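The values are calculated or read from the model by the stated rules, or taken from the named source; none is laboratory data. Values in this document were obtained by computation on a predicted structure and should not be read as measured data. Cβ: placed from backbone, ideal geometry, glycine included. Neighbour counts: every protein chain shown. These area figures cover heavy atoms from the full protein model, side chains too; ligands, DNA and RNA do not enter into them. Shrake-Rupley method; radii C 1.70, N 1.55, O 1.52, S 1.80 Å.
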Amino acid sequence: MSFFIAMLIVMIACMAITYKTLAGYGHLPIWAKLSILLLLLLAWFGPMILRLVRDFGAISGVAYEAAAKGSYFLMGFAFILFMLLFFRDVIWYIIYYVSHNPDLNPDNVRLLQRNNLITVVLALLIALYSVYEANKTPAVKEIDITDNKIKEDMRLVVASDLHIDTATPMWQIRHIVEQINRQNPDYVLLVGDIIDDEPTLIKNKVDELKKIEAKKVYVSLGNHEYYNAPVKWMIEFTHMGFEVLHNTGAEIGQTGIYLAGVPDANSAKVSFEKALYGASDDYYKILMSHSPRPIQNEENKFDLQISGHTHGGQIFPFHFLAKEANGYLAGMYQVGDKKLYISRGAGYWGPPMRLLAPSDIVVINLKAGMNAK
């Protein structure tokens, strides 16, 4: 509840500052001021209102999907606009006070209104580019890991943070599945936040994941599975033929590779003791953990941890907040004697946008070392 209240306060503050900057100066007609206020209200609070309308059964299906995409786009646009206005004004005032040029006076209403128009257009262009970045097929990142504990080469494909909900278009899921299959994986690891709604609402969309072509698909739960009936999702994933790793693990064949999974560390209890049960020192041990945080736990005895959750920040400048909250942002890290790889995710959450945080699907080539038995 405290997080929700804090978020609400921030949203109201951002809306008020944006309105004051765009409409609080000069002599705009009342209809223009009301239009700006209405647009900002819809932008910042439209998704919440729409979700309530859907829960009351007043909208569903294609109509809801279109309305949800539109309202979240407006929210993303409003955020980008706020950040541009903020950085613009900081730089503007610095330049003015350094140069003492009267032609650059921020109190010049005509200059302010012209710059406001330029900023709104720029924000719109950036928002549209961010939509393209978020909805294009995720790029493939490929990394090689060689270790003497590995007895057989293995090709893992990692996808996280699909955030499939009622507004996710079917073509987007199909493109992700096709991209995964094009990598010819031995095994596929879905590292949390695969869904963003309850099973009964999105079963037909999640069923598209059954078209993944691999020897087996492994799943670990993220925080959004815990927001939406986690036990039901564990059952649903199992019915789909996937193996849910929930503080459990096992060797994959006779490869010397031990794969385990734990639930999101912010949502449920993580047990390394259970996850490592039966794992000897001779195994190359891999942990699926949606949150990167468990890498810092001294009980974590895994060689490689694979995580998601951060989205790589998704929309700049959230990169700084995401790294501060999680300790890491995206890519490969060496943490003591362990490796941590964080995927930016194949989907997005909230606004259908990505800015300076492109989506990805990760291929991990595990290779037997020269001294492997």
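The share of alpha-carbon pairs in the range 201-276 lying farther apart than 15 Å comes to 60%. Per-residue SASA remark: Arg344, around 50 Å² accessible (1.4 Å probe; ligands, DNA and RNA not included).
For the range 45-90, chymotrypsin sites (Phe, Trp or Tyr not before Pro) meeting the loop criterion (DSSP other than H, G, I, E, B) and having at most 16 other Cβ atoms within 10 Å: Phe56.
Rg and Dmax, both from the Cα atoms of the range 147-266 and both in Å, are 14.4, 46. Between the range 293-357 and the range 39-85, what is the separation of their alpha carbon centroids in Å? Cα centres, the range 293-357 to the range 39-85: 27 Å. For Ile12 and Leu38, a Förster radius of 25 Å and the Cβ-Cβ distance give a FRET efficiency of 0.95, rounded to the nearest 0.05. Residues considered: Leu259, Leu52, Leu356. Largest GNM mean-square fluctuation over the chain, using C-alpha springs under 10 Å, is found at Leu52.
Compared with the rule-of-thumb size 2.2 N^0.38 Å for a compact globular protein, the range 1-56 has a Cα radius of gyration ratio of 1.34. Dividing the radius of gyration of the alpha carbons in the range 42-97 by their Kirkwood radius gives 1.29 for Rg/Rh.
Listed by chain and number, the aspartates and glutamates whose C-alpha is less than 20 Å from the C-alpha of Lys151, apart from same-chain residues fewer than 8 away, are Asp186, Glu251, Asp281, Asp282, Asp303. Among DSSP beta bridges whose residues both lie in the range 255-373, state the antiparallel percentage, nearest 5. Bridges in the range 255-373 that DSSP calls antiparallel: roughly 25 percent. What is the helix-to-structure angle for 30-55, meaning the angle in degrees between its Cα long axis and the longest Cα principal axis of the chain, kept from 0 to 90 and rounded to the nearest 10? Once rounded, the angle reads 30 degrees. Rolling a 1.4 Å probe over the heavy atoms of the protein chains gives the range 247-347 an accessible area of 42 Å² per residue. Summed over qualifying helices (DSSP H, 4 residues or more, each -39500 (n - 2.57)) and divided by its residue number, the chain shows a 222 nm mean residue ellipticity of -14500 deg cm²/dmol. Relative to the globular-protein estimate of 2.2 N^0.38 Å, the Cα radius of gyration of the range 31-133 stands at 1.38.
Taken over the alpha carbons of the range 261-373 as equal point scatterers, the Debye sum produces base-10 log I(q)/I(0) values at 0.12, 0.18 Å⁻¹ of -0.46, -0.94. Its Cα centre serving as origin, the range 184-299 has a Cβ charge dipole (Lys and Arg +1, Asp and Glu -1) of approximately 200 debye. Here is the P(r) of the chain: all C-alpha pair distances, binned every 20 Å from 0, give 26, 50, 20, 3 in whole percents. Bridges between two residues of the chain, per DSSP, are antiparallel at a rate of about 30%.
In a DSSP loop and with at most 15 other Cβ atoms within 10 Å, the chymotrypsin sites (Phe, Trp or Tyr not before Pro) in the range 203-310 are Tyr277.
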